[in-house]
Amino acid sequence: GAGVSQSPRYKVAKRGQDVALRCDPISGHVSLFWYQQALGQGPEFLTYFQNEAQLDKSGLPSDRFFAERPEGSVSTLKIQRTQQEDSAVYLCASSTGGAFGNSPLHFGNGTRLTVT
Amino acid sequence: RKEVEQDPGPFNVPEGATVAFNCTYSNSASQSFFWYRQDCRKEPKLLMSVYSSGNEDGRFTAQLNRASQYISLLIRDSKLSDSATYLCVVTLYNQGGKLIFGQGTELSVKP
């Protein structure tokens, strides 16, 4: 079956532009996560949805970052007024859910954002 | 201090070698433990879960020491295809399965 799909695969933005990154999770997966991965580092948690509810946004680095999942399936991560430090790979992952972390996460290929 | 810390890399080993990666975590409320593998410019993929009693999957053995808050991964008879970054991962109790990743340790297996 289809895995987690992210688009675009690559995005180049000029500093100050707004960007929107899309994630299509695996059908039926309740939980959806966004991670940010800088070069040479492990993924850093940004935010988590259970269905349409955003249960944890503690990892969003500033109020320029906003995520939504209005119908409990597709999610969008929006970054306003992009800065050079936003350059990273943005990974989306989904799982069948459960509060105790025993469901494996399935990651998408990521969106590589470069801010010039 | 980062919540999950790993051995600095890279590890460069010959084919057939045995290599061990170590990881420590700071939050004693950590609930579940995993090793993920990430190939260059690819997404992370689950390699194996780590259980309290230790577990083995072919050439890979994972160990957990809750008292010391320490996790390890042992790879025996390493193959060229094992070259990747290995990420130590923990989840915290009742936080929806949020994974907390270490920075990763790069492994390069040479012929």
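The values are calculated or read from the model by the stated rules, or taken from the named source; none is laboratory data. Computed from a predicted structure; not experimentally measured. Because the Cβ atoms are built from the backbone with ideal geometry, glycine has one as well, and the counts that use them run over all protein chains shown. Side chains are part of the model used for accessible areas, which takes the heavy atoms of the whole protein and leaves out ligands, DNA and RNA. Shrake-Rupley method; radii C 1.70, N 1.55, O 1.52, S 1.80 Å.
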Inset, instruction - Taking the residues in segment B:32-45 that are facing chain A (nearest Cβ under 10 Å) and open to solvent by 70 Å² or more (accessible area, probe 1.4 Å) as candidates, determine which candidate is modelled with the lowest pLDDT. - result: B:Arg41
Legend entry - Any pair with Cβ under 8 angstrom, 6 or more apart, that starts in segment B:22-41 at a residue that is in a strand (DSSP E or B) and ends at one that is among the basic types (Lys, Arg) and surrounded by fewer than 22 Cβ atoms within 10 Å (Cβ to Cβ): B:Tyr36/B:Lys45; B:Arg37/B:Lys45; B:Gln38/B:Lys45
Inset, instruction - Quickly run through segment B:52-111 and pick out the residues that are within 14 Å of chain A (Cβ to nearest Cβ), under 23 Å from A:Gln37 (Cβ atoms) and not in a strand (DSSP E or B). - result: B:Gln95, B:Gly96, B:Gly97, B:Lys98, B:Gly102, B:Gln103, B:Gly104
Legend entry - Exclusive hit being within 14 Å of chain B (Cβ to nearest Cβ), buried (at least 16 other Cβ atoms within 10 Å of the Cβ) and outside any strand (DSSP E or B), set A:Leu60, A:Leu91: A:Leu60
Inset, instruction - Inspect segment A:97-108 for any residue being within 14 Å of another protein chain (Cβ to nearest Cβ), modelled with pLDDT under 95, part of a strand (DSSP E or B) and open to solvent by less than 10 Å² (accessible area, probe 1.4 Å) and give the result as yes or no. - result: no
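Being more than 11 Å from chain B (Cβ to nearest Cβ) and either in a strand (DSSP E or B) or in contact (Cβ under 8 Å) with a residue 60 or more places away in the chain (or both) narrows it down to one of A:Thr76, A:Thr47, so name that one.
Working: A:Thr47 fails: more than 11 Å from chain B (Cβ to nearest Cβ).
Criteria check complete, one pass: A:Thr76.
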Legend entry - Of the criteria (1) assigned to a loop (DSSP other than H, G, I, E, B); (2) open to solvent by less than 40 Å² (accessible area, probe 1.4 Å), which one A:Pro70 fails: (2)
Inset, instruction - Among the residues of segment B:62-79, write down those that are open to solvent by 60 Å² or more (accessible area, probe 1.4 Å), over 19 Å from B:Thr18 (Cα atoms) and of a type in the set (S, T, N, Q). - result: B:Asn65, B:Ser68
